[in-house]
Amino acid sequence: MPDNSEHDDGQPLEELKEHTLEAGPDLPGRVRRSINRSTLGADSLEFSVTVMLKTFWEHLVVLIESIPGTKGPDKED
Amino acid sequence: MLDADEILVERACNARPGDVRAFEELVRRHQAKVQTNCRYLSGNQEDALDLAQEVMVKAYFNLKRFEGRSSFATWIGRIKVNHCLNHLRRERGRAFVDLEEPGLEADAAMHSRVKADAAALAGDAKQLIARILEEMPETLRVPLILRDMDGLSYQEVADRLELGQSAVKMRIKRAREMFRAAYAEGASGAGQQ
C-alpha cells in the first residue's frame with residue numbers, strides 16, 4: 001500500500017502502527033445507555049405517531065358515517 | 001471461517017431488541033484504538049470519549065450495512081475518520097485546505113517542550129508518543145494519523161482533507177521527520193535522567 005513519490009519515500013512510523021492509549025472510563029456502558037436512549041426515543045415516537053394516526057382514522061370514520069346516506073368504510077368484522 | 005468480530009456482528013444483528021451484549025463486546029475489543037484515534041484526530045482529550053461514543057453508536061445503528069467485505073476494524077475505522085473530521089470542521093468552521101503551514105519555529109518550540117517533558121515521561125514510550133502528537137500542529141498531525149495509524153492511502157487522505165495529493169505527501173513527510181526528531185530527542189532526554 002505505501003506509495004512511492006518524490007515527496008515522501010519515508011517509511012511509515014512503526015511507533016504509531018499499534019499505538020493505543022488506555023481506553024476511557026466505561027465506554028461500553030456509555031454506548032449501551034446511549035443506544036437504549038435512542039431506541040426508547042424512536043419507539044416512543046413511533047408509538048405517538050401510530051396513536052395519532054389511529055385516532056385521526058377513527059375520527060374520520062365517525063365523520064363519514066355521520067353523513068346521511070353513507071355507510072362509511074367497509075369493515076371486515 | 002468467521003473471525004471473532006464477524007461472529008459478534010452476526011450475534012448483534014440477530015439479537016432481540018434491547019439486547020446489546022454482543023455489540024458491547026465489540027466495543028470492548030475496539031475501544032482503545034477508536035478512542036486513541038479520536039483523541040489525536042480531534043486534538044482534544046476531553047472530546048475523545050464523546051467522539052468514540054458517538055462513533056460506536058453510529059456503528060451500532062448501521063451494523064446491518066456491514067457486509068464483511070473489509071474487517072470490522074477497517075469498517076469502524078472509516079466511520080471514525082469521517083465522524084472526527086466532520087467534528088473538526090464543525091468545531092473550527094473551516095476546511096483543512098486553508099490551514100497555515102507551520103513554520104520552522106513550530107519545530108523548535110515543539111522540540112523544547114518535548115525535551116522538557118522527557119523527565120516526566122522517562123520509560124513511558126506511550127506517553128512520549130502522545131505528548132509529541134499533541135504538540136504537533138494539526139495541519140501535520142491529522143494527515144499523519146490518517147496515513148500511519150489508520151492506513152489510508154495518500155489519495156484517500158487528500159480526498160478526506162480536501163487537499164492536493166502532493167500537499168498531503170509533503171505534510172506527512174514533514175510530520176514524520178518532526179516526530180522522529182522529537183521522539184529521538186525525548187528518548188535521549190529520558191535516558192539522561
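Throughout, read-outs are computed from the coordinates displayed, never taken from laboratory work. Since this is a predicted model, take the numbers as computed values, not measurements. All Cβ positions, even for glycine, are placed from backbone atoms using ideal geometry, and neighbour counts span all protein chains on display.
Here the residues A:S34, A:S48, ranked from fewest to most Cβ neighbours within 10 Å of their Cβ, fall in the order A:S48, A:S34. The order of B:C13, B:C84, B:C38, going from fewest to most other C-beta atoms within 10 Å of their C-beta, is B:C13, B:C38, B:C84. In this label model, A:E18 and A:R37 are separated by 3.7 nm, measuring between points 7 Å along each Cα→Cβ vector.
If you count, for every residue in A:40-50, the Cβ atoms of partner chains within 10 Å of its Cβ, what is the mean?
Taking the mean over all residues of the peptide, I get 0.
Using a cutoff of 8 angstrom between alpha carbon atoms and counting only pairs six or more residues apart, the relative contact order for segment B:4-93 works out to 27 percent.
Sorted ascending by nearby beta carbons within 10 Å, beginning with the fewest, B:V142, B:V20 become B:V20, B:V142. Loop-resident GluC sites (Glu not before Pro) (DSSP state other than H, G, I, E or B) in segment B:17-75 with no more than 13 further Cβ atoms inside 10 Å of their Cβ: B:E67.
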